[in-house]
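Worksheet: one structure, shown below.
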Amino acid sequence: MKILIVLSAFFTLEAFAASKIQIKDAHIRLTPPGASTTAAFATIVNHTDKDVELLSVEGDFAQAFELHDMDMSGGVMKMRKVSAIQIKKYATVELKSGGLHIMIFDLKKPLNKDQKYNLKFNFSNKEAFQIQVPAN
Ligand SMILES: [Cu+2]
């Protein structure tokens, strides 16, 4: 019994150590009725000693997913598409309203409050995370 407990603790630690990029507090913004475009937000923590890039996000509940940033241009905040979002080594990047975000185009169906949707995050170090993200 003791051996079993030690082994399971060991494997838990291993699993934790293997996942060196962490995605926290992910959520999709609920859309007003009739809207088919929305955004998703999350906090990404890079626990590794190398810079990584979020290259893309995929999902099956909308037609297209893009990485976006906000810029001041002529006194107006404007969104623009970016090819990647960099997370420096040991750094945290927050995707939030008014800043970096995941843009979601052409929802296939209206989102339901608190329902979870699959999003896959693809990183430059070949790690990919499929997570369940609530709409709220
Ligand atoms: Cu956008």
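The values are calculated or read from the model by the stated rules, or taken from the named source; none is laboratory data. The structure presented is a predicted model; accordingly, all values stated were derived computationally and were not measured. Heads up, the Cβs are rebuilt from the backbone with ideal geometry, glycines too, and the neighbour counts pull from every protein chain shown. When the accessible area is computed, the model is the full protein with side chains, heavy atoms only, and any ligands, DNA or RNA have been set aside. Shrake-Rupley method; radii C 1.70, N 1.55, O 1.52, S 1.80 Å.
Hey, among Asp71, Asp51, which residue is at pLDDT 95 or above and more than 11 Å from the chain's Cα centre (by Cα)? Give the steps one after another, and end with the answer.
Values: Asp71 fails: at pLDDT 95 or above.
Only one candidate qualifies: Asp51.
Filter the stretch 35-84 down to residues that are β-branched (Val, Ile, Thr), part of a strand (DSSP E or B) and away from the ligand (no atom under 13 Å from the Cβ), then give me how many there are.
Within the stretch 35-84, residues that are β-branched (Val, Ile, Thr), part of a strand (DSSP E or B) and away from the ligand (no atom under 13 Å from the Cβ) number 5.
Any residue that is touching a residue at least 24 places away in the same chain (Cβ under 8 Å), outside any strand (DSSP E or B), open to solvent by 80 Å² or more (accessible area, probe 1.4 Å) and in contact with a strand residue (DSSP E or B) (Cβ under 7 Å, 6 or more places away or on another chain) - is there at least one of those in the stretch 108-117?
yes
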